[in-house]
1. Under a 10 Å cutoff between Cα atoms, tell me which one of Gly195, Gly23, Gly144 has the largest fluctuation in the Gaussian network model of the chain.
2. Quick check: residue separation of Arg41 and Ile103 times 0.36 nm, minus the Cα distance between them. What number comes out in nm?
3. For a bin width of 10 Å, list the pair-distance distribution of the stretch 1-145 built from all Cα-Cα distances, rounded to whole %.
4. Where the eigenvalues come from the Cα gyration tensor of the stretch 1-83, what are the semi-axes √(5λ) of the equivalent ellipsoid, largest first, in whole Å?
5. So if we plug the beta-carbon distance of Glu230 and Val111 into 1/(1 + (r/R0)^6) with R0 = 51 Å, what FRET efficiency do we get, rounded to 0.05?
6. Write down Rg/Rh for the stretch 107-262, rounded to two decimals, with Rg from the C-alpha atoms and Rh from the Kirkwood relation over Cα pairs.
7. Extending each Cα 7 Å along its Cβ direction at Leu75 and Ser180, get the distance between those two points in nm, one decimal.
8. Could you list, bin by bin from short to long, the percent of Cα-Cα pairs of the stretch 25-73 in 10 Å steps?
Amino acid sequence: MLRFKSLGSGSAGNATLVESSQGENTSRVLVDCGLSMTELRTQLSPMGLDLEDIQALFVTHEHADHVGHAKQFGLKTGRPIFTSQGTQLAIQVHSWGLRKEQIQCASDSEVIQIGHLQLCPFTVPHDAREPLQLSLSDGEMKLGLVTDLGHVSSHVVRALQNCHALILECNHDEHMLRLSKYPSFLKARISGPLGHLSNKASAQLLRAVMNTGLKTVVAAHLSEKNNTPELATNALLEVLEHQGPHLIVADPQKGTDWITVD
């Protein structure tokens with residue numbers, strides 16, 4: 001069984017827990033670590049879990065809301081941290097005091113096996129040194145995760161084919177961003193080709209990867225100032241036509257409940 005839970009999804013911090021259970025054996029991976037160890041433990045405790053129950057951490061890129069507490073996670077748990085070579089250089093991971101074997105390099109399209117979980121990273125257009133997003137599978141079900149990208153590339157569309165569940169960035173509403181009090185340079189960065197997906201662009205990506213097996217879509221990484229759950233939902237529902245996959249909006253602080261991929 002493959003299932004996942006967003007622990008937080010927004011500019012204040014991002015983290016997603018993914019697990020695969022086969023019999024009595026369970027494999028768990030944390031994708032990004034923008035939450036403090038205290039916040040993580042608070043989220044994990046009701047599930048009967050602690051930090052040591054996670055086998056590995058995958059970091060998508062070097063922005064603080066994704067990597068801000070990865071060093072503490074590595075030092076406290078001793079677990080391996082997978083990330084691209086570019087991200088390793090950007091965060092200077094070799095100065096963190098981790099054991100050499102904890103620092104693992106991830107590359108585009110090279111599958112990483114962690115217990116029963118298969119992680120397949122893919123490059124995305126974003127203003128980071130070598131950003132990766134990924135799909136995760138237990139061999140039967142496939143979860144796609146894309147939370148930070150500036151535009152929908154053909155490579156991203158190919159990587160997200162045949163997903164049974166999808167965590168999809170819906171960062172901003174274009175009209176709200178234009179009218180916001182953000183300075184011009186920040187508006188240009190967010191809406192640019194290496195920034196973040198608007199609701200409209202997210203809907204276009206969803207349309208490009210729709211398939212009969214896709215059962216759940218999670219709208220994630222919503223801007224608290226330049227978007228609303230209603231606007232994101234309405235944009236995606238235009239593609240879903242009010243039927244098909246179950247649509248969920250991740251709360252910036254609380255994330256989501258457990259979601260089973262089936």
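Read-outs: derived from the displayed coordinates by stated rules, not from any lab. Since the structure is predicted, the reported quantities are computational estimates derived from the model, not experimental observations. Quick reminder, even Gly has a Cβ in these numbers, built from the backbone with ideal geometry, and neighbours come from all protein chains shown.
1. Its mean-square fluctuation being the largest, the pick is Gly23.
2. Stretched fully, the Arg41-Ile103 segment lengthens by 20.0 nm.
3. Pair shares across the bins are 12, 46, 37, 6, 0.
4. 20, 13, 12
5. Taking R0 as 51 Å, the efficiency between Glu230 and Val111 is 0.85.
6. 0.96
7. 3.2
8. Pairs per bin, as whole percents: 26, 57, 17, 0.
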